[in-house]
Amino acid sequence: MKARFILPVLLTLLIQKVLGMPGLPPWTAEIVLPVVWIVAAALLQRERGWPYAALLIGLGWDVLLEPVIGPGGIAWSAACLVLYALASLVADRSPKAWAGLGLVGVAVVTLVRQATLVPLGFPFSLTLSHWLRSVLLTGVWCGLVGIVLALDLPGQWRIYRARKLR
């Protein structure tokens, strides 16, 4: 993970922590914001070191949000590897691909995380309704990020400014 990504990832993890605070609607905590980082890494395929970065994201997730450190790192690394495999099969890089990979990524993260918590003595606490809400809301989040990237607002602004200067 490059140093320029550390601050945005940490900011995303902190916003995730804030979304789970009392006083906010309960569904806001079900959006898994950091999934967008592993979706971006899989779709852009610029760095091969992202499974290690996903491990660090998962460990950061554990430190901020979980009762035990370790299962998040395993879950996020597994999701990153699954998304890399899927992104190599999918030629599409549209917002639909962002949303679809976001759906798959959060599904893998939540299932693997629950599966790694069970041997540690924690009960399997994932309900189908919670899992589906989390998958759908995170898919929408990743799709919105894909739409913003497809709009390329900085590029459009440069084109506008270049035309205005002529």
Exercise for review: Considering only the stretch 127-157, state which residues are assigned to a loop (DSSP other than H, G, I, E, B) and of a type in the set (Val, Ile, Thr).
Suggested key: THR127
Practice item. Examine the stretch 24-41 for a residue that is open to solvent by 20 Å² or more (accessible area, probe 1.4 Å), at positive phi and not in a helix (DSSP H, G or I), and state whether such a residue exists. Key: no
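Taking only the stretch 2-23 into account, find how many residues are open to solvent by 70 Å² or more (accessible area, probe 1.4 Å) and at pLDDT below 90.
Residues of the stretch 2-23 open to solvent by 70 Å² or more (accessible area, probe 1.4 Å): 2-4, 6-7, 10-11, 14-15, 17-18, 21-23.
If we keep only those that are at pLDDT below 90 as well, we get 2-4, 6, 21-23.
The total comes to 7.
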Point to revise | Checking SER129 against (1) of a type in the set (S, T, N, Q); (2) surrounded by 14 or more Cβ atoms within 10 Å (Cβ to Cβ); (3) over 21 Å from LYS17 (Cα atoms), the condition it does not meet | key: (2)
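So how many residues does the stretch 42-54 have that are modelled with pLDDT of 85 or more and either surrounded by fewer than 19 Cβ atoms within 10 Å (Cβ to Cβ) or among the polar types (S, T, N, Q) (or both)? Break it down stepwise before answering.
Step one: of the stretch 42-54, the residues modelled with pLDDT of 85 or more are 42-43, 52-54.
Next, only the ones that are either surrounded by fewer than 19 Cβ atoms within 10 Å (Cβ to Cβ) or among the polar types (S, T, N, Q) (or both) stay: 52.
Adding up the residues that qualify gives 1.
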Exercise for review: Of all residues in the stretch 100-126, count the ones that are open to solvent by 50 Å² or more (accessible area, probe 1.4 Å) and in a loop (DSSP other than H, G, I, E, B).
Suggested key: 5
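Take the residues in the stretch 83-112 that are over 14 Å from the mean Cα position of the chain (by Cα) and not aliphatic (A, V, I, L, M); name whichever of them is nearest to TYR52 (Cα to Cα).
At the first step, the residues of the stretch 83-112 found to be over 14 Å from the mean Cα position of the chain (by Cα) are 85-96, 111-112.
Retained after the next criterion (residues that are not aliphatic (A, V, I, L, M)): 88, 92-96.
Working: SER88: 19, ASP92: 25, ARG93: 23, SER94: 26, PRO95: 25, LYS96: 26 Å.
Per the criteria, the residue is SER88.
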Check your understanding: Cβ-Cβ below 6 Å, separation at least six or inter-chain, first residue in the stretch 138-155 and under 10 Å from LEU103 (Cβ atoms), second among the small types (Gly, Ala, Ser): which pairs?
Key -> THR138/GLY102; GLY139/ALA99; GLY139/GLY102; CYS142/ALA99; CYS142/GLY102; GLY143/ALA99
Exercise for review: Return the pairs, sorted by first residue and then second, in which the second residue is surrounded by 11 or more Cβ atoms within 10 Å (Cβ to Cβ) and among the basic types (Lys, Arg), the first residue lies in the stretch 7-32 and is more than 15 Å from LEU64 (Cβ to Cβ) and in contact (Cβ under 8 Å) with a residue 60 or more places away in the chain, the beta carbons are less than 9 Å apart, and the residues are 6+ apart or on different chains.
Suggested key: TRP27/ARG133; GLU30/ARG133
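Quick one: count up the residues across the stretch 132-144 that are of a type in the set (S, T, N, Q) and either open to solvent by 30 Å² or more (accessible area, probe 1.4 Å) or touching a Ser or Thr at 6+ places or on another chain (Cβ under 7 Å) (or both).
Taking the stretch 132-144 as the starting set, the residues that turn out to be of a type in the set (S, T, N, Q) are 134, 138.
Within this subset, residues satisfying the condition of being either open to solvent by 30 Å² or more (accessible area, probe 1.4 Å) or touching a Ser or Thr at 6+ places or on another chain (Cβ under 7 Å) (or both) are 134.
Within the stretch 132-144, residues that are of a type in the set (S, T, N, Q) and either open to solvent by 30 Å² or more (accessible area, probe 1.4 Å) or touching a Ser or Thr at 6+ places or on another chain (Cβ under 7 Å) (or both) number 1.
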Point to revise | The listed residue being free of Cβ contacts under 8 Å to residues at least 24 places away in the same chain and farther than 28 Å from PRO123 by Cβ, out of VAL90, VAL63 | key: VAL90
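The values are calculated or read from the model by the stated rules, or taken from the named source; none is laboratory data. Keep in mind the model is a prediction, meaning the values are calculated, not measured. So basically every Cβ, Gly included, is an ideal-geometry build from the backbone, and we count neighbours across all protein chains shown. Areas reflect the complete protein model, heavy atoms only, side chains present, ligands, DNA and RNA absent. Shrake-Rupley method; radii C 1.70, N 1.55, O 1.52, S 1.80 Å.
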